[in-house]
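Here is the structure we will look at, set down as structure tokens.
The values are calculated or read from the model by the stated rules, or taken from the named source; none is laboratory data. For clarity, every value in this text was computed on a predicted model and none was experimentally measured. Neighbour counts are summed over all protein chains in view; Cβ atoms, including those assigned to glycine, are modelled from backbone coordinates with ideal geometry.
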Amino acid sequence: MSQAPSMPLYTDALLGDTLHLSAEEFGAYCLLLFATWRNNGRALPDDDRKLARICRVSIWKWKQSLRAQLLPFFNTDDGAWHQKRLEKEWDFVAKRREVFAKKGTQGGHAKALKTNKRPLAHALAPNPIPINTPSECLYAPSAHTARDARARPAAAGQKKLSPIEGIFRGFADAADAIEARNGGADQPSAGALLDDPGAGSVAAFYRRGLA
């Protein structure tokens, strides 16, 4: 298999140089070019049997007409069929492949060095643990807290809570829990949150919504 599977083909020059060939001769010429390219640009040996097989004709047909018609396109001084334009294109493509391969290797090496030089502290730094989350600061209950408050069985003589009342109950219970955890200190107060000095504690504020 060729190291460069894609072969540049200049159709204008190809057609202009082969207008005098028959369809069979043109096809045989193209097959010789393709076989040379697939041979990594190396000239094909001047072996009538092998050349006839490449052109997909009998050895008699090759010797009788095709060889004479196609020989002017090649140089056979050293016993091989050299096509000057094709070998020039192969050298150009091969050099480009080497350049791209070298750049790709250098790019991968630089990327590896960049990754390996990452500061250890940056790579191993733990995620900070917040002391107070926003939900704690605002006494916001989770969804299941409010749902549990609505589903809690009502004591004797108490009415069943509506969804809105259940939400208020959930907020109040969350405020009570945080106040108990803080040793009775309710922070911040509802007055501070609502800019109303008479609002009292947060838990009391939410429970007034249940009245």
Pairs returned, first residue in the stretch 44-71 that is more than 11 Å from Glu25 (Cα to Cα), second residue that is among the β-branched types (Val, Ile, Thr), beta-carbon separation under 8 angstrom, 6 or more apart or interchain, are Leu44/Thr36; Leu44/Ile54; Asp46/Thr76; Asp48/Ile59; Arg49/Ile59; Ala52/Ile59
Here the residues within the stretch 6-62 that are within 19 Å of Ala80 (Cβ to Cβ) and of a type in the set (Lys, Arg) are Arg38, Arg42, Arg49, Lys50, Arg53
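Given Lys84, Lys88, which one is touching a strand residue (DSSP E or B) at 6+ places or on another chain (Cβ under 7 Å), modelled with pLDDT under 95 and either closer than 19 Å to Gln3 by Cβ or in the same structural domain as Ser6 (by TED's automatic domain parsing) (or both)?
Among Lys84, Lys88, only Lys84 is touching a strand residue (DSSP E or B) at 6+ places or on another chain (Cβ under 7 Å), modelled with pLDDT under 95 and either closer than 19 Å to Gln3 by Cβ or in the same structural domain as Ser6 (by TED's automatic domain parsing) (or both).
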So, first residue at negative phi and assigned to a helix (DSSP H, G or I) in the stretch 82-99, second residue at pLDDT 90 or above and of a type in the set (Lys, Arg), Cβ within less than 9 Å, six or more apart or across chains; the pairs are Glu87/Arg42; Trp90/Arg42
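Could you tell me how many of the residues in the stretch 35-66 are of a type in the set (Gly, Ala, Ser) and touching a Ser or Thr at 6+ places or on another chain (Cβ under 7 Å)?
Quick first cut of the stretch 35-66, residues of a type in the set (Gly, Ala, Ser) only: 35, 41, 43, 52, 58, 65.
If we keep only those that are touching a Ser or Thr at 6+ places or on another chain (Cβ under 7 Å) as well, we get 43, 52.
The qualifying residues number 2.
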The one condition Pro72 fails out of (1) surrounded by 15 or more Cβ atoms within 10 Å (Cβ to Cβ); (2) modelled with pLDDT of 95 or more; (3) part of a helix (DSSP H, G or I) is (1)
